[in-house]
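Worksheet: one structure, shown below.
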Amino acid sequence: MAQLSVDLLGVKLKSPFVLSSGPLSYSADSLLKATRAGAGAVVTKTIRLKKADNPFPHMVRIAPGTLLNAEKWSDIEAEEWITTEIPKAKAGGAVVIGSVGHTKEEAEALVGPVAKAGCDLIELVAYDEDSMIPMVEAARKQTSRPILAKVSPNWRDLPRVAADCRRAGADGITAGDSFGPTLRLDIDTGRPLIGSDYGFGWLSGSAILPIALRSVAEIALGPGGPIVGVGGVTKAEEALEMLYAGATAVGVCTAAILFGFDVFGKLNDGLSKLLDARGMAGIVAARGFSLKHLSKGERKVKLVFTYDAETCTDCGRCQDYCPYGARTVKRPEMTLDEDVCRHCGYCVSICPPKCLRATW
Ligand SMILES: Cc1cc2nc3c(=O)[nH]c(=O)nc-3n(C[C@H](O)[C@H](O)[C@H](O)COP(=O)(O)O)c2cc1C
């Protein structure tokens with residue numbers, strides 16, 4: 001059985017899955033539920049000097065695996081986190097990452113007390129990259145605990161931002177946050193789906209997985225260092241992709257909201273099986289596995305297709321949806337018109353039983 005334990009900046013996690021900051025991290029009880037369900041660490045809801053006052057509604061499921069939200073930081077006071085919730089979560093056995101936002105002044109005031117309350121690590125979160133570096137510098141003066149800087153996929157040039165954060169004193173990077181601003185509308189009322197300014201909100205879950213993977217990979221290829229990969233992971237396969245892209249640990253927020261705390265047990269079991277099937281003894285073997293394939297330069301070698309008539313269900317998708325009409329399937333025969341095929345690879349990606357494959 002593959003080893004799921006990881007070392008995150010000197011802190012031992014029994015699982016690489018981390019409950020990311022969000023509605024399920026609103027209290028110690030909730031952090032402990034995630035821990036008991038199998039999360040290796042849990043991030044508190046972001047703690048600020050003033051508690052949040054959220055618009056209504058502020059969290060809507062807009063597509064499978066995907067949420068739109070305008071939830072702000074913690075709606076309980078910093079003092080309560082420091083005196084009650086963090087000590088309680090620690091006493092219950094959670095590995096606690098204290099999330100502090102969003103300004104230098106708040107890092108100065110809160111990082112020390114939040115760390116002293118018992119947090120194993122600190123995670124800093126900011127609305128823009130200009131606030132992040134002063135926050136990291138201020139936080140570094142307050143604690144010797146490991147500091148994660150949470151960067152946003154909305155920021156340009158993440159490798160540079162990550163390198164700046166590391167230089168300012170961050171030990172690792174959390175990549176990343178929800179994506180936006182974005183908008184969805186109700187076609188009966190014409191109103192936005194959430195009650196924020198202009199109805200704009202932040203996208204999380206399945207829709208942002210490719211964005212998060214890109215963020216993690218470009219930081220791994222750039223300054224490197226420990227990365228908590230966050231964004232869109234709902235299944236073990238996606239978590240493995242996150243590790244392949246260079247993540248040390250994998251954050252999960254939306255999947256736990258949508259599917260419940262049980263998702264952590266399922267992710268642990270699934271990841272363990274996927275690692276076993278690949279002969280990987282643990283998380284370290286998977287970390288950065290794909291980076292050698294991520295290099296500048298386009299591939300110009302044409303695809304080599306294989307077709308397995310035995311597993312083909314004759315659904316006809318490869319034929320009907322080829323933009324160029326290049327493929328004809330009449331089970332057990334499959335033909336390809338090489339003169340019109342552009343080797344785009346789309347047919348392979350839509351084959352339900354994966355009887356059509358391509359190597360490249
Ligand atoms: C409803 C909601 C509230 C969130 N609140 C916070 C927060 O307080 N602090 C924070 O750093 N991130 C917050 N996030 C962002 C998540 O921690 C995470 O970075 C993001 O949702 C991407 O991960 P996911 O696709 O697994 O949800 C929130 C996300 C959601 C959906």
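None of the figures in this text is laboratory data; all of them are computed from the coordinates on show. Remember, it's a predicted structure, so these values are computed and weren't measured experimentally. Positions of Cβ are backbone-derived with ideal geometry, glycine not excepted, and every protein chain shown enters the neighbour counts.
Pull the list of the chain cysteines that no other Cys approaches to under 4.7 Å, Cβ to Cβ.
Cysteines lacking a close Cβ partner in the chain: 119, 165, 253, 315, 322, 341, 344, 351.
Quick one: Karplus J couplings for the stretch 121-138, per residue in order, coefficients 6.51, -1.76, 1.60, θ = phi - 60°, nearest Hz, x for Gly and Pro?
Calculated HN-Hα couplings, in order: 9, 10, 10, 9, 9, 9, 7, 9, 5, 5, 7, 5, 5, x, 5, 4, 4, 5 Hz.
Dipole size in debye (nearest 20) for the chain around its Cα centre, Lys and Arg Cβ +1, Asp and Glu Cβ -1?
Here the size comes out at about 760 debye.
Taking the Cβ of residue 357 as the centre, find all other residues whose Cβ is under 15 Å away and add up their charges (Lys, Arg: +1; Asp, Glu: -1).
+2
Would you calculate a helix-derived [θ] at 222 nm for the chain, using -39,500 (n - 2.57) for each DSSP H run of n ≥ 4 and dividing by the full residue count, to the nearest 500?
-8500 deg cm²/dmol
Expressed as a fraction of 2.2 N^0.38 Å, the rule-of-thumb size for a compact globular protein of N residues, what is the C-alpha radius of gyration of the chain?
Against the empirical 2.2 N^0.38 Å value, I get 1.08 for the chain.
May I ask for the net charge around residue 38, where only other residues with Cβ less than 14 Å from the Cβ of residue 38 are counted and Lys, Arg are +1 while Asp, Glu are -1?
Here the charged neighbours net out to +2.
Taking the dipole about the Cα centre of the chain, with the C-beta of Lys and Arg at +1 and of Asp and Glu at -1, give me whichever of 280, 228, 154 is farthest to the positive side.
After comparing all options, I get 280.
For a protection proxy built on the mean count of beta-carbon atoms within 10 angstrom, sort 274-281, 294-301 highest first, please.
In descending order of packing, they fall as 274-281, 294-301.
Please report 264, 17, 179 as a ranked list, fewest other C-beta atoms within 10 angstrom at the top and most at the bottom.
Arranged by neighbour count, lowest to highest, 264, 17, 179 become 179, 264, 17.
At a 10 Å Cβ-Cβ cut-off, how would you order 284, 263, 216, fewest neighbours first?
So the ranking, lowest neighbour count to highest, is 284, 263, 216.
In what sequence do 73, 360 fall when counting other Cβ within 10 Å, fewest first?
360, 73
Give me the one-decimal nm value for the distance between modelled label points at residue 357 and residue 337, 7 Å along each residue's Cα-to-Cβ direction.
Placing both labels 7 Å beyond Cα along the Cβ direction yields 2.8 nm.
If I take every Cα pair under 8 Å that is 6 or more residues apart in the chain, average their sequence separation and divide by the length, what percent do I get for the relative contact order?
16 percent
Does anyone have the angle between helix 263-277 and the longest principal axis of the chain? Alpha-carbon axes, 0 to 90°, nearest 10?
Result, in degrees: 50.
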